[in-house]
């Protein structure tokens, strides 16, 4: 089981090496997804679990982006990217994704890349994402989900305690998550046939 304080500690440790380890895997998928979100000029975007800010240079300068993360150390790295690339349309806040400090219906797009299996309560995080996203807005998730292959799924369950110790779950089921969070998936796919990560575009089906 993941806990907030342990997550903070783990990702503070990752902060100096995160880009070196993960950029080759995460950045191409972030680039693909952000490029297909049809972000219009003036749109407000929430990037949940922005980490070291790998995704930040990918957003069009005509939109307004708020990046949030639980780890202050990761956000320091993201701030350096904002300064380096002069990303004046982007702001950062230290925040728990399960308790977003924004009003209802604030954002046109809410995106969470490689974070849903990191948080202690993914159902609550998705509820918050839906709340702050406009009824007509887009919700996008990129994440590893438990395999539909029963043999692989058993392996993912077996190694989950180890994965939790290094910062994420390996046994999160997309079908169960969608059902428990009342997440209406519009379409889902992998960029490659045997990709470890899945792209999920969801409809914000909350009441008006």
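Brief remarks follow.
- Ranked by the mean number of other Cβ atoms within 10 Å of their residues, highest first, the peptides 18-24, 62-68 fall in the order 62-68, 18-24.
- Global geometry of region 1-139, whether rounded, prolate or oblate, following the gyration tensor of its Cα atoms and the 1.5 cut on a/c: oblate
- Base-10 log of normalised Debye intensity for region 73-208 (one unit scatterer per alpha-carbon) at q = 0.09, 0.10, 0.11, 0.20 Å⁻¹: -0.31, -0.38, -0.46, -1.28
- For q = 0.33 Å⁻¹, Debye-computed log10 I/I(0) when each Cα of region 114-157 counts as one equal scatterer: -1.13
- For region 131-208, the spread of Cα positions along the three principal axes, ordered from largest to smallest, is 42, 27, 20 Å.
- Share, in percent, of DSSP beta bridges within the chain that are antiparallel, nearest 5: 35 percent
Since every read-out is calculated from the coordinates, none of them should be taken as a lab result. Everything quoted here is computed from the prediction, not taken from an experiment. For neighbour counting, all protein chains shown are included, and Cβ atoms are generated from backbone atoms with ideal geometry for every residue, glycine included.
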